[in-house]
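Here's the structure, in structure tokens; my notes come after.
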Amino acid sequence: CQTAPTLEPNPNPNPNLSPSRAADSASTAPDLSGSRWQLRFAAGAYQGDYSITLAPGGKLISSNPQDNTPDNDRWEQHGSQVLLLFNDGFARFEGDWLPTQRLAGRASSPSAGDWHWEAERLPDARAP
């Protein structure tokens, strides 16, 4: 009679984040669903400076005038880590929530390479 193998906890429970970042995700970060941010970055010749909303259900709403496919932008939160995915993940922003009401991290895309990004929290939208 064989015994069932012992299952070890997955060291990377979120396959979208790198193992080292997933290991650091334990935090007291608040739930960011519904929050609004002013996103700023320089990716090659493109200077990004626009607002985003981390809508419930993982939908990412962006005011980027260059975003021709806004329905395929998503976001995830894992502890203090935040993942923003634009254009079905073509542009990938990995970052951390900071107690100073900021997000910051590294981003990449096949066309623009790697760059640093930051976002400052804006007042949340309230339903009328």
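Things worth noting here:
- Among the criteria (1) modelled with pLDDT of 95 or more; (2) open to solvent by 60 Å² or more (accessible area, probe 1.4 Å), the one ALA119 does not fulfil is (2).
- Only a single criterion out of (1) more than 21 Å from HIS116 (Cβ to Cβ); (2) at pLDDT 95 or above; (3) over 13 Å from the mean Cα position of the chain (by Cα) is not satisfied by ILE61, namely (3).
- Residue within segment 29-47 that is assigned to a helix (DSSP H, G or I) and surrounded by fewer than 18 Cβ atoms within 10 Å (Cβ to Cβ) present: no
- Boolean, PRO13 is open to solvent by 60 Å² or more (accessible area, probe 1.4 Å), at pLDDT below 95 and touching a helix residue (DSSP H, G or I) at 6+ places or on another chain (Cβ under 9 Å): yes
The values are calculated or read from the model by the stated rules, or taken from the named source; none is laboratory data. Model, not experiment: these values are computed from the prediction. Using ideal geometry, Cβ is built from the backbone for each residue, glycine included, and neighbour counts are taken over all protein chains shown. Keep in mind that these areas ignore ligands, DNA and RNA; they rest on the heavy atoms of the full protein, side chains included. Shrake-Rupley method; radii C 1.70, N 1.55, O 1.52, S 1.80 Å.
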